[in-house]
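Here is the structure we will look at, set down as C-alpha cells.
The values are calculated or read from the model by the stated rules, or taken from the named source; none is laboratory data. Predicted model, so just to flag it, every value in this text is computed and none were measured. All Cβ positions, glycine included, derive from the backbone under ideal geometry; neighbour counts span all protein chains shown.
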Amino acid sequence: MLDQLPPGTVPLVSTIIAALVAYFGGKKKEASKKITEFETEFRELLTEQGLFPSPKVKRESKEFVEQSLQDEIEAFDGSSVPIDLYQSDSDYYLPVSPETMKEAKAFNIFQYFPYRPERFDCEDYASAYMTFAAFLFGTNGVGTVYDYSSAHAYNIILYSNGTIELYEPQTGEVVETGPDTDYSLDSGMIVF
C-alpha cells in the first residue's frame, strides 16, 4: 500500500502511524516527539514542492530578541513601562531578511477574513497570523503588538539582523509608526 504513495509522503505516513501507535500505547511523550517530527517533515515537503516555502531562519536567544527591540523601538527600554515584553520561547528562529518573508506575507489568508468586532477583530488577526507564520513557515519571529497608545493590535516581525517590520495582518501591508496612525507604539505589550 505505501509503495503506491508519492515518494515524499511515505515518511510522513510512517511518522503519523508511529505517533498513533505511541499515543494509543500510552506513550504520550513519544507521540508528541513524532508529531513534532511530522510537522517538520511536512513543512519541508511543502517547501520542496514550492507550495509553502519556509523562509531561511537563524536561531537566536530570547536575550537577542529583547536587545533588538530595545535598539529598534524608541519607547522600549526593557522595563515593563511603557512597553512590556512577553516571551514564550527560549530560542527564536528569526527570518534572515524581509525578502525571505515574502511568501509568508503573500499567503496571509487572514486579510480576506471579515472584521467582526468582539469576535474577530485586530488582536485576533494578529494572533492568527503569528500562529500561521510559526506553523506553516517555521518562524517564531513574528510577534503580536498590543498597542495601547493607539488601541490597536498588529504584528511585529523581527529579523536575524535585529531589525523589525510592523505588519498589518488585516491588509497584508508593512506599516510605519507615526503619531496619527494606528501604529504609534508609545505604550503597550509585545508577545513573542
Please find, among Y146, Y129, Y154, the residue that is modelled with pLDDT of 90 or more, in contact with an Asp or Glu (Cβ under 6 Å, 6 or more places away or on another chain), closer than 28 Å to E60 by Cα and not acidic (D, E). Y154
Looking at the stretch 58-75, is at least one residue touching a helix residue (DSSP H, G or I) at 6+ places or on another chain (Cβ under 8 Å), among the aromatic types (F, W, Y) and surrounded by 15 or more Cβ atoms within 10 Å (Cβ to Cβ)? no
Would you be able to say whether some residue in the stretch 157-169 is part of a strand (DSSP E or B), free of Cβ contacts under 8 Å to residues at least 60 places away in the same chain, closer than 27 Å to S61 by Cα and not assigned by TED's automatic domain parsing to the domain that holds R43? yes
Tell me, please, whether a residue that is in contact with a Leu (Cβ under 7 Å, 6 or more places away or on another chain) and in a loop (DSSP other than H, G, I, E, B) can be found in the stretch 23-38. no
Among the residues in the stretch 9-19, are any touching a Ser or Thr at 6+ places or on another chain (Cβ under 7 Å) and either of a type outside the set (F, W, Y) or not in a helix (DSSP H, G or I) (or both)? no
Taking the stretch 84-122 on its own, how many of its residues are in a helix (DSSP H, G or I), surrounded by fewer than 16 Cβ atoms within 10 Å (Cβ to Cβ) and not polar (S, T, N, Q)? 6
Residues of the stretch 132-143 being closer than 18 Å to Q111 by Cα and at pLDDT 95 or above, which ones? V142, G143
Is it fair to say S32 is among the small types (G, A, S), at pLDDT 85 or above, in contact with a Phe, Trp or Tyr (Cβ under 9 Å, 6 or more places away or on another chain) and surrounded by 14 or more Cβ atoms within 10 Å (Cβ to Cβ)? no
